[in-house]
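Nothing in this text is a laboratory measurement; each read-out follows from the coordinates by a stated rule. Just so it is clear, the structure is predicted and the values come from calculations on it, not from any experiment. So basically every Cβ, Gly included, is an ideal-geometry build from the backbone, and we count neighbours across all protein chains shown.
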Amino acid sequence: MSSPRRMLRRCLFAALSAALVGAAAVGPAQARPADRAAPAATVTTFSDDFDGPAGSAADPSKWTQETGDNVSNHEREYYTSGTGNAALDGQGHLVITARKENPAGYQCWYGSCQYTSARLNTAGKFEARYGHVEARMKVPRGQGMWPAFWMLGTPVNWPDSGEIDVMENVGFEPSTVHGTIHGPGYSGSDGIGAAYSLPNGQAFADGFHTFAVDWAPNSITWSVDGTVYEQRTPADLGGKTWVYDDRPFFLILNLAVGGYWPGDPDAGTRFPAQLVVDSVSVTTSDTAAGLPIRGLAGKCVDVAGANSANGTPVQLYGCNGTAAQSWTVGSDGTMRALGKCLDVTDRGTADGSTVQLWDCTGGTDQKWTVTGAHDIVNPQADKCLDVTGNNSADGTRLQIWSCTGGADQKWTVG
């Protein structure tokens, strides 16, 4: 739970796992093959919808509650055990509550603690490497509030073992959240990240939002409510070490009060304050994460020039192992590379409609089915991903075309 604008800190616990895998020959249309298998299955490796009676604790087989204060961040809260600060509400939510009280006489780095709250992690119970990791939450409002959903690499040796902050919010920025990575040489105030803000002054505390990362080899991509706002790769580190491909991470949820980054609560901060968590999940595809898609002449589906701009052509190219050829198949039917989706240009359904890279929108023009016959089908058009003109030359544009069963429409993921 580090931030680009804070000092170094001592981490206790956190982190993760899961991900996604993300074109047609010119010629007369023919009947499509009868062998059309179901979409590639997705695997939920971790899921908690927080169902249970009001007042009960989070599932102890999934979560551990940490206890104690945090001098390194100069946070003001004491994290407690039990259900006083973390409990189910009986309506499918985990509620983490920060209170301005200290009935048990807890001692913090600054003396008698002024606040209590909760911090939960999955260390030793769930750890994973790669995947689509998300939480649907409603954050609290108020100066000094610091909710976070994040991950730590194992074994924890911060910052060398790495940290992925899926979402952090500080109370003085009600419309903004941050996604950040921390590692050796880029931790604390030097963490590498970006911010995402809601339009028109909307506040995250006004409703539930889904915060996610898609984590694949050499790539981490952040989104809010399905909108991608940041992607980081080893190229962003200026020669420093990328530590996100060689170890599992575990998950952390917490609500901090005060600290170097958010500052302390003020007279306008209302307590109790609540972080309400609707669900947490980690999913992968049975086709695995961040893999090449090979087709005609053994060449790969490739984003031209490794350019993540909207409208960049998707083409056939010699396989080179770069991020431009690392695709994940999502549980939502998307195929993603460089943090964006494989998209049919202008939502076309006709033979010869080209494919491109575009921001993920959830539209049917970005839905794909990987079949047992090695077709990649856009169900909206009922057409196959195809190599234009059956041409195996580097740079040949991919398109959709009526499924023929030809070699120019056969693809192998991985």
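So for the stretch 60-122: antiparallel DSSP bridges make up what percent, rounded to the nearest 5?
On the way: 9 of 12 bridges.
Here the antiparallel bridges make up roughly 75 percent for the stretch 60-122.
Of the beta bridges DSSP finds with both residues in the chain, what % are antiparallel, to the nearest 5? Write down the numbers at each step before the final one.
Numbers: 103 of 106 bridges.
Taking every DSSP beta bridge within the chain, about 95 percent pair in antiparallel fashion.
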Per the rule of 0.36 nm per residue minus the C-alpha distance, extending THR210 to ASP49 adds in nm 56.6 nm
Towards the positive end of the charge dipole of the chain, with charges on Cβ (+1 Lys, Arg; -1 Asp, Glu), say which of THR80, THR241, GLY405 has the farthest Cα. THR241
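Would you list ASP359, ASP343, ASP382, ASP365 from fewest to most Cβ contacts within 10 Å?
Working: ASP359 16, ASP343 24, ASP382 13, ASP365 21.
Ranked by crowding around the Cβ, least crowded first: ASP382, ASP359, ASP365, ASP343.
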Reachable aspartates and glutamates from LYS383, criterion Cα separation under 16 angstrom, eight or more residues apart if same chain: ASP35, ASP343, ASP346, ASP351, ASP365, ASP375, ASP408
Name the lysines eligible as straight-distance cross-link partners of LYS62: C-alpha to C-alpha under 25 Å, and not fewer than 8 places from it in the same chain. LYS125, LYS138
How big is the gap, in Å, between the Cα center of the stretch 42-81 and the Cα center of the stretch 210-262? 20 Å
Pop a pseudo-label 7 angstrom from the Cα along the beta-carbon direction at both THR412 and ALA373 and give the gap in nm to one decimal. 1.9 nm
So if R0 is 25 Å, what FRET efficiency would ARG270 and GLU173 give, r being the distance between their Cβ atoms, rounded to the nearest 0.05? 0.90
